[in-house]
Amino acid sequence: MLAMVFWVSAGASVGAADALRGEALFVGTASFANGGAPCLGCHGIAGAGLGKAAGANYGPDLTALFEDFGEEGVMAVLEDLSFPSMEAIYAARPLTEQERDDLSAFFAEVSGQQAAGIGGRLTLDVAIASLAFFALVAMLGWRRLKGVRQPLVERTRKGKVK
Amino acid sequence: MNIRAQIATVFHLDKCIGCHTCSIACKNLWTDRKGAEYMWWNNVETKPGTGYPTRWEDQEQYRGGWERVGSQLRLKMGGRGGTLGKIFHNPSLPTMDDYYEPFTFKYDDLTNAPAGDDQPTARPVSMVSGKPMKIEAGPNWDDDLSGSTVYAANDPGVVQLSEEEQQQLFAIEKMVFFHLPRICNHCLNAGCVAACPSGAIYKRGEDGIVLVDQDKCRGWRMCVSGCPYKKTYYGWSTGKSEKCILCYPRQEAGEAPACFHSCVGRIRYLGVLLYDADRIEATAMQEDGELAAAQREMILDPFDPQVQREAARCGIAEEVLAAAQASPVYKFVKQWGIALPLHPEFRTLPMLFYVPPLLPVLSVESQGTQKLADDFFTTLERARLPIRYLAGLFAGGNEEEVKAVYRRLIAVRIQRRQQGVGDQSEAEAARAREIAGLSAEQVEAIYRMTALTSIKERIVIPPMLRDRAVEAGTDPEAYRQEMGFGRRQAPKRRW
Ligand code: SF4
Ligand code: SF4
């Protein structure tokens, strides 16, 4: 549904670089014309709230990409595929010029934004999840192998036996 | 009718002297191995006492045996879903402490001690970890009422008695106990078989002996909680469960099981019974108090021509039928009605029957020799060991069932005293027989079977006819080469 909206809006403005369409391509709600994998498969963009996307940690975070390389640099990377791992994916499925423009516009938009402080929240989430897990295990094993003889002896020693 | 043969046994508790010879014979033969040190396929308990493992009779804790749920019989440990849910953490298993940590002593420290002023000692070491340990329990820790304030006082049967009865039981100079030897009951409705998720436990078709297939066992230990008598044991070295095999290799060679053969008190009787397998479920569904009688009802009369015809139709061999006719167990259980199953309310239909002990029951007054016939019933009511306690052990709480047995045992006693000692009148003996519902000849037969028989009369092993069972489907020569006791390959862990 979302993809449809993006696709329609992108279709309306062919030619001009469109950051919105770039984002759709980046996260994969719109697909690349030649079938390349969406960037989010390997890269996160913490500045756009995409830093915690699961598994998107194969490549570096791209928040500061535009700042570091500039428009020309970005376009060159996307066209020449100067990184070997990208080459393997996109050499046979190159990005179109329009797609490169859109992506570049998206990178320009997110550049300079503050990465949301997700580290702390992640730690908290993990802590809560592991606590819940341990609680479950403890609950399941609560009565596990409670001895019979030892408590008998202890009770008698304490004089609690009738 | 679906007639099957079952090797069944009777233990005459009045004769057990608590010597533990049976336990040792069994241990030397079968469980004297690493990982099996703590297994006592045969053990002898003192009653009142908590037994081995501690309080094994308490099924609220161990959840063994069956229970009735509506019109169905269900394992107390839960159905298939329950078993699956508990497969990695079964809270109803006994702990090592409830059995005991097997131990030995550093005897070398004794025998090789250098000459010196101190007495050398042999420290106890664990047979599991090999480290020095403090011995806190053993398989007979409460033997002969030792530690009775802990163990006898917490016997599940004693706990159910009234305050007054408990005091009476433990009053100084009136204290009373008896021995209860236990082996696997080779039950008709075995809880261990039903509980096994791997289908490794089976009941042999021709004689009803319950065995664990060591190749199929996966060590889930569900049989350990499924058996209400705690008579399957987990071997920590092989990772497989093991249990009493009723010495079937010995029986196949015509020999009595080792514990039977070695029994000093000659309390053990063995013989074959015929029963109707179609009636197992209906029998196990009876009320607690009816179970002992229902179980007796299920056993068929091998002298009845109709039973004989049906038995032949069901493939029971002539020789086995003849053995069933000579079976002392049939006499004790069915003809004389003086042997009862242990805890029939666990509903596994155990095939080991006990003649309850008379001596601890007889009233203390005048050493039990008072004129019994006139106040027969009051004598039982004044018994040293409350009848209620014995009914809890042998009749699912049905006191009438136990009293009927005692009336017969007392009749035997009075007739023998009249003949041997001469301090009872013939009229007294006749009246006792009448109350008990026994003829003079039956009383004589009970006396002979109890006191004077040879091993051949006490233990009547049917021909097991393994050859016939085998020849039906296999080449005997090939089979002979494959046969043997034990596993074909070493288990993955170790022996
Ligand atoms: S006594 Fe226990 S181990 Fe033996 S057959 Fe019965 S349920 Fe199985
Ligand atoms: S050997 Fe016989 S008399 Fe001795 S303890 Fe065992 S059952 Fe009792």
Show me B:40-50, B:316-326 ranked by packing, highest mean number of other Cβ atoms within 10 Å first. B:40-50, B:316-326
Straight-line reach only, C-alpha to C-alpha below 24 angstrom: list the lysines that B:LYS174 could link to, leaving out same-chain residues fewer than 8 apart. A:LYS162, B:LYS15, B:LYS47, B:LYS371, B:LYS403
Taking square-rooted eigenvalues a ≥ b ≥ c of the alpha carbon gyration tensor, is chain B rounded, prolate or oblate, where a/c under 1.5 means rounded and, failing that, a/b exceeding b/c means prolate? oblate
Pairs A:LYS158/B:LYS230; B:LYS27/B:LYS331; B:LYS216/B:LYS334; B:LYS203/B:LYS240: which exceed 27 Å Cα-Cα? A:LYS158/B:LYS230; B:LYS27/B:LYS331; B:LYS216/B:LYS334
Using modelled amide H (1.01 Å from N, peptide plane; none on Pro or chain starts), what sits under 5 Å from the amide H of B:ARG182, excluding residues fewer than 5 places away? B:ASN43, B:VAL44, B:GLU45
Could you pull out every residue, at least 5 positions away or on a different chain, whose amide H is within less than 5 Å of the one on B:PHE103? Hs are placed 1.01 Å off N in the peptide plane, and Pro or chain starts have none. B:MET127
Which shape class applies to the stretch B:166-314: rounded if a/c is under 1.5, otherwise prolate when a/b exceeds b/c and oblate if not, where a ≥ b ≥ c are the square roots of the Cα gyration tensor eigenvalues? rounded
Roughly speaking, what is the centre-to-centre gap between the stretch B:414-477 and the stretch B:118-173 when only Cα atoms are used, to the nearest Å? 36
Protection proxy ranking of B:64-71, B:457-464 - average other beta-carbon atoms within 10 Å, highest first: B:457-464, B:64-71
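Using a probe radius of 1.4 Å on heavy atoms only, what accessible surface per residue do you get for the protein assembly as shown? Whole Å² is fine. Numbers along the way, then the final one.
Numbers: 31460 Å² over 657 residues.
Ligands and nucleic acids excluded, the result is 48 Å² per residue.
Please sort through the DSSP H helices of chain B and keep those with an alpha-carbon extent of at least 30 Å along the long axis and a Kyte-Doolittle average not below -1.0. Could you put the intermediate results ahead of the total?
On the way: long enough: B:399-420 (31 Å, -0.91).
Those that clear 30 Å and a mean of -1.0 are B:399-420.
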Quote the FRET efficiency, to the nearest 0.05, computed for B:ARG448 versus B:HIS89 with a Förster distance R0 of 51 Å and r equal to the Cβ-Cβ distance. 0.40
Can you return the aspartates and glutamates within cross-link range of B:LYS243? Criterion is Cα-Cα under 14 Å, with same-chain partners fewer than 8 residues away left out. B:ASP32, B:GLU37, B:ASP213
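Just order B:180-191, B:158-169, B:255-266, B:26-37 by mean Cβ neighbour count inside 10 Å, highest at the front, would you? Please report the intermediate quantities before stating the final value.
Numbers: B:180-191: 24.2, B:158-169: 14.8, B:255-266: 20.3, B:26-37: 18.0.
So the order, starting with the most tightly packed, is B:180-191, B:255-266, B:26-37, B:158-169.
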For residues of A:148-158, the mean tally of beta carbons on other chains within 10 Å: 6
Considering the protein assembly as shown, which cysteines have no disulfide-compatible partner, defined as another cysteine with its Cβ under 4.7 Å away? A:CYS39, A:CYS42, B:CYS16, B:CYS19, B:CYS26, B:CYS187, B:CYS196, B:CYS217, B:CYS247, B:CYS263, B:CYS314
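If you put +1 on each Lys and Arg Cβ and -1 on each Asp and Glu Cβ, how big is the dipole of the stretch B:1-78 around its Cα centre, in Debye rounded to 20? Intermediate results must be reported in sequence, preceding the final value.
Working: 11 positive and 8 negative charges, 53 e Å.
Charge dipole, the stretch B:1-78, about its Cα centre: 260 debye, nearest 20.
So how strong a dipole does the protein assembly as shown carry about its Cα centre when Lys and Arg Cβ are +1 and Asp and Glu Cβ are -1, to the nearest 20 debye? Present the calculation step by step, with values, prior to reporting the outcome.
Working: 75 positive and 80 negative charges, 528 e Å.
That gives a dipole near 2540 debye.
Under a point-charge model restricted to the Cβ atoms of Lys and Arg (+1) and Asp and Glu (-1), what is the dipole moment magnitude of the stretch B:163-205 relative to its Cα centre, in debye to the nearest 20?
Values: 4 positive and 4 negative charges, 116 e Å.
I would put it at about 560 debye.
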Taking the dipole of the protein assembly as shown about the Cα centre (Lys, Arg +1; Asp, Glu -1; charges at Cβ), the one of B:GLY51, B:ALA258, B:ILE135 that reaches farthest to the positive side is B:ALA258
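May I ask what percent, to the nearest 5, of DSSP beta bridges between residues of chain B are antiparallel? Intermediate results must be reported in sequence, preceding the final value.
Numbers: 33 of 38 bridges.
If I count the DSSP bridges inside chain B, around 85 percent turn out antiparallel.
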Coordinate range along principal axes, alpha carbons of the protein assembly as shown, Å, largest first: 127, 71, 59
Got a sec? Charge dipole of the protein assembly as shown, +1 on Cβ for Lys and Arg, -1 for Asp and Glu; which of A:GLN150, B:GLN308, B:GLN295 is way out at the positive end? B:GLN308
If you count, for every residue in B:149-155, the Cβ atoms of partner chains within 10 Å of its Cβ, what is the mean? 4
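Considering only the stretch B:202-341, what is the antiparallel percent among its DSSP beta bridges, to the nearest 5? Mind dumping the intermediate values first?
Numbers: 8 of 8 bridges.
The antiparallel proportion sits near 100 percent.
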Report, by chain and number, residues whose modeled amide H sits under 5 Å from the one on B:HIS343, excluding near sequence neighbours (fewer than 5 apart, same chain). B:PHE394, B:ALA395, B:GLY396
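The values are calculated or read from the model by the stated rules, or taken from the named source; none is laboratory data. All values reported here derive from a predicted model rather than from experimental measurement. Neighbour counts run over all protein chains shown; Cβ positions are idealised from the backbone, glycine included. Accessible surface is based on the protein model in full, side chains and every heavy atom, while ligands, DNA and RNA are left aside. Shrake-Rupley method; radii C 1.70, N 1.55, O 1.52, S 1.80 Å.
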